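Just so it is clear, none of the values below were taken in a lab; they were calculated from the coordinates. Here the structure is a predicted model, which means the values were calculated and not measured. Here the Cβ positions follow ideal geometry from the backbone for every residue, glycine too, while neighbour counts run over all protein chains shown.
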Amino acid sequence: MALSKKPVTGMKDILPEEMEIRDYVIDVIKETYGNFGFTSIETPCVENLANLNCKAGGENEKLIFKILKRGEKLRLQEAQNEDDLVDGGLRYDLTVPLVRYYSNHANELPAPFKALQIGNVWRADRPQRGRYRQFKQCDIDILGEAGNLAEIELILATTTTLGRLGFKNFRIRINDRQILKSMASCSGFSEEDYDQVFIILDKMDKIGADGVESELLKAGFDQESVVRYMELYRGLETAGDAIGYITEKTKQTLPEGVMESFREIVASVEATKGDYFELVFDPTLVRGMSYYTGTIFEIDMPEFGGSCGGGGRYDKMIGKFTGHDVPACGFSIGFERIILLLLESGFKVPKAGKKIAYLLEKGLGSDRLCEVMSQAQKEREGGNQVLVARMNKNKKFQKEQLTAQGYEEFKEFYREELRH
């Protein structure tokens, strides 16, 4: 079989220019989230297959890269089904590993626990712009905080980070799964139909209210329930206070305290946020993961034309591992899409010092070489980035390449004398 120099489909090599931006973004993320009290953790890239298939990952559970059993456990000729062949898989997100991690170490961790996790995940998805089969995720989560302080902190930490990276005019769309369920319930839908109804509702921004109504009817739902449901959403268009409108319309089905808590989240973020983003109540926001139990949010960036991250509350997930529910809420930045936008905008990593190239003539003597290396070291200690390289025959082309890499000053060193 011929060897291939190209990476596997859906994965990519990262060149130095992009790697510099990625490292910078990670540094900003860690510093900013650290200022909000989040601490870094790490989990293995391989998880038990039963954990990955725990009915918490939605459609992602169909995209798992599965791993064959190892050694004596792998008995190909005796295998009757897939379970006889595989017992692990590459993680498709960071939430399932975090929940397992917390369940295993809860007694060693503070309460509440504010976790930051950055790492690669894998999905056997169809590659497209900003979407790969191997990609990096960046999650912050607060575990053990039942109140809405978790949502407020997550939104402010995430938006502060995006602001520090230079993003403006983006939106944080916010909703609550309890609001979604309440609107469906008061319209006459049964609880077992919610997931299918929400999948169709999630298409609202693409097919509009008429399209959603048509699809709900085609799916076989009761016409009276569909009409009542769509009237709720159409009424939002003329309502001056969308939250008040929903509160009034769903007061028979909405759990007590949900809207008061939701209003408090919105008011607290609005009172604290900068002018570089907008917080928008969007009752059509669904989020695909079935594990969400309360508040949900999503980042909309006009430059990308879609979501660049999201998250929400998932209070029932830890209980699947421990038998005892623990309140949990998280927010994930779409790291790869953020990097893509920065690359497309021509973003350059800000430097405190200069990028200087020392070009050495071949045959430079030992004494002169020691002198040059000592000088380079002093430049670095002064905050500059110094590249020491041998001088090429085509010095002009070499400098052009270095200039493209961001080097702004050149110093040339020759055997006979020191010349700049």
Using only Cα atoms, find the angle between the long axis of helix 223-236 and the longest principal axis of the chain, and express it within 0 to 90 degrees, rounded to the nearest 10. 50
With a 30 Å threshold on alpha-carbon distance, the violating pairs from 30/399; 348/395; 273/355; 12/351 are 30/399; 273/355
In degrees from 0 to 90, rounded to the nearest 10, what is the angle of the helix 335-344 Cα long axis to the longest principal axis of the chain? 50
The stretch 355-419, relative contact order [Cα under 8 Å, separation at least 6], %: 57
Quick note, the stretch 355-419: a/c under 1.5 would make it rounded; otherwise a/b > b/c is prolate and the rest oblate (a ≥ b ≥ c, C-alpha gyration tensor); here it is oblate
Zone residues, the stretch 357-371, relative to residue 387, backbone N less than 19 Å from point 7 Å out along Cα-to-Cβ: 357-362
Counting other Cβ atoms within 10 Å, keep those with at most 15, restrict to DSSP loop, and tell me which GluC sites (Glu not before Pro) in the stretch 352-405 are left. 361
Compute the length gained on full extension between residue 104 and residue 347: take 0.36 nm times their separation in residues and subtract their Cα-Cα distance, giving the result in nm to one decimal. 83.4 nm
The stretch 355-419: antiparallel DSSP beta bridges as a percent of all, rounded to 5: 15
When 1/r is averaged over all different Cα pairs and the result inverted, which Kirkwood radius in Å belongs to the stretch 184-328? 17.1
Quickly estimate the mean residue ellipticity at 222 nm for the chain, helices only: each DSSP H run with n ≥ 4 gives -39500 (n - 2.57), and the total goes over all residues, rounded to 500. -12000 deg cm²/dmol
List the GluC sites (Glu not before Pro) in the stretch 172-277 that DSSP assigns to loop (not H, G, I, E or B) and whose Cβ has at most 16 other Cβ atoms within 10 Å. Which are they? 237, 256
Starting from the Cα-Cα distance between residue 125 and residue 278, subtract it from 0.36 nm times their residue separation and give me the gain in nm to one decimal. 52.0 nm
On a 0 to 90 degree scale, rounded to 10, what angle separates helix 16-35 from the longest Cα axis of the chain? 60
I want the antiparallel fraction of DSSP beta bridges within the chain, as a percent rounded to 5. 70
Roughly how big is the stretch 355-419's charge dipole about its Cα centre, with Cβ charges of +1 (Lys, Arg) and -1 (Asp, Glu), in debye to the nearest 20? 280
Rough spin-label spacing in nm, given labels placed 7 Å along Cα→Cβ, for residue 227 and residue 207: 2.1
In this structure, the FRET efficiency calculated for residue 53 and residue 4 from their beta-carbon separation, with R0 = 45 Å, to the nearest 0.05, is 0.90
The stretch 168-227: which trypsin sites (Lys or Arg not before Pro) are DSSP loop and have at most 15 other beta-carbon atoms within 10 angstrom? 168, 203
Share of pairwise Cα separations in the chain, more than 32 Å, in percent: 50
Apply the a/c threshold of 1.5 to the C-alpha gyration tensor of the stretch 1-56 and tell me whether it is rounded, prolate or oblate. oblate
